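S.K.: Below is a structure I'd like to ask you about.
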Amino acid sequence: MDLDKVKIFRNRKGFLSALDQSGGSTPKALKSYGVDEDQYSSEEEMYSLIHEMRLRIIKSKCFTSSRILGTILFQGTVNRKIGHEKLPQYLWNQKQILAIQKIDVGMEDQSNGIQLMKSIPHMEDSLQEAVANGVFGTKMRSVIWEATPSGIKENVSQQFDFAKTILRYGLVPIIEPEVSINIPDKKQCEEILLKELRTNLDSLKDNQNVALKLTIPSQNGFYTPLVEHPRVLRVTALSGGYSHNEACIKLANNPGMTASFSRALTEKLKVDQTEEEFVAALDGSMESIFQASIT
């Protein structure tokens, strides 16, 4: 593990740009960008179009380490290049931005109020490749739909089991047990989740440090105990379906949480914008997210 990069990740002001749209979320991201499904006829074309959008963001003159701490990338994007450098190397060498790789491969069907991650085939081979590509950390997502104590316990346990494997490769795992923002018992889910997260964090060794990516809580400051936990490098927030403005307002009311936004970052970007218009829209989005992250 690169301790200098760990210090940057823990201490530098900034937020994570989540550019890791995969099979299920890519069509929605493209549609928001102004690319309808009738404009591509294969998965390969779809991924090429979303990659073009990602490159346009990453190469933008306003996309710098002054506000961007790290970028979450889809595995297929990690292996693409800008010039002669793979994206993680380009991000670090040219922009001093940390690369984080989405490591999960989707989720199982909902059961017992949760969706667990599918088993990750050839996980250790993927982790070796990530290290070779200059990746700093990983991200993996599961979802909580109901306040079922046994389900949430199983969800968090799976996240930490995967995290311990990732840690062996010197990568920082970002643990993401998302709580849906649209459920009636969201607050009860968060209470159970906090308990399970603290139990699992307390079981880690002194050299096993992780990050968290969580839904912005119903009660302001509710996750402060996680922000202050010695095994947590950073607590980040997903936008979870909130609009850009709503996500920023909610985040600003939770000191210590840093944005890790995807849709809320890109919702004002359009494929037919001029470069000047695109940069202005991206710059405005990043500035409001950055301010919400450091408030």
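S.K.: Sort out which residues of segment 25-39 are surrounded by 18 or more Cβ atoms within 10 Å (Cβ to Cβ) and either modelled with pLDDT of 90 or more or touching a Leu at 6+ places or on another chain (Cβ under 8 Å) (or both), and write them in order of number.
M.R.: Leu30, Tyr33, Val35
S.K.: Now a separate question. So Ala130 ticks every box in (1) touching a residue at least 24 places away in the same chain (Cβ under 8 Å); (2) more than 18 Å from the chain's Cα centre (by Cα); (3) assigned to a helix (DSSP H, G or I) but one. Which box is left unticked?
M.R.: (2)
S.K.: Now a separate question. Taking the conditions exactly as written (touching an Asp or Glu at 6+ places or on another chain (Cβ under 9 Å) and closer than 27 Å to Arg234 by Cβ), does Gln75 satisfy them or not?
M.R.: yes
S.K.: Just to verify a result, which residue in segment 135-168, among those that are hydroxyl-bearing (Ser, Thr, Tyr) and in a helix (DSSP H, G or I), is surrounded by the most Cβ atoms within 10 Å (Cβ to Cβ)?
M.R.: Per the criteria, the residue is Thr165.
S.K.: For segment 217-234: of the residues being farther than 25 Å from Pro184 by Cβ and either in contact with a helix residue (DSSP H, G or I) (Cβ under 7 Å, 6 or more places away or on another chain) or among the aromatic types (Phe, Trp, Tyr) (or both), which is surrounded by the most Cβ atoms within 10 Å (Cβ to Cβ)? Step through it out loud before you land on a result.
M.R.: The initial filter retains those residues of segment 217-234 that are farther than 25 Å from Pro184 by Cβ, namely 227-234.
Narrowing further to those that are either in contact with a helix residue (DSSP H, G or I) (Cβ under 7 Å, 6 or more places away or on another chain) or among the aromatic types (Phe, Trp, Tyr) (or both): 229, 231-234.
Values: His229: 19, Arg231: 16, Val232: 21, Leu233: 18, Arg234: 24.
For segment 217-234, the residue satisfying everything is Arg234.
S.K.: A further question follows. Given Leu251, Leu233, which one is over 14 Å from the mean Cα position of the chain (by Cα), of a type in the set (A, V, I, L, M, F, W, C), at pLDDT 95 or above and not in a helix (DSSP H, G or I)?
M.R.: Working: Leu251 fails: not in a helix (DSSP H, G or I).
Going through Leu251, Leu233 in turn, just one is over 14 Å from the mean Cα position of the chain (by Cα), of a type in the set (A, V, I, L, M, F, W, C), at pLDDT 95 or above and not in a helix (DSSP H, G or I): Leu233.
S.K.: Taking the condition of being out of contact with any strand residue (DSSP E or B) (no Cβ under 9 Å at 6 or more places or on another chain), more than 16 Å from Tyr90 (Cβ to Cβ), not in a helix (DSSP H, G or I) and not acidic (Asp, Glu), how many residues in segment 23-78 meet it?
M.R.: Number satisfying all stated conditions: 10.
S.K.: Just to be sure I understand, how many residues within segment 150-209 are in contact with a strand residue (DSSP E or B) (Cβ under 8 Å, 6 or more places away or on another chain) and aromatic (Phe, Trp, Tyr)?
M.R.: Counting residues in segment 150-209 that are in contact with a strand residue (DSSP E or B) (Cβ under 8 Å, 6 or more places away or on another chain) and aromatic (Phe, Trp, Tyr) gives 2.
The values are calculated or read from the model by the stated rules, or taken from the named source; none is laboratory data. Quantities reported herein were computed from a predicted structural model and do not represent experimental measurements. In this analysis, Cβ positions are derived from the backbone assuming ideal geometry, glycine residues included, and neighbour counts consider all displayed protein chains.
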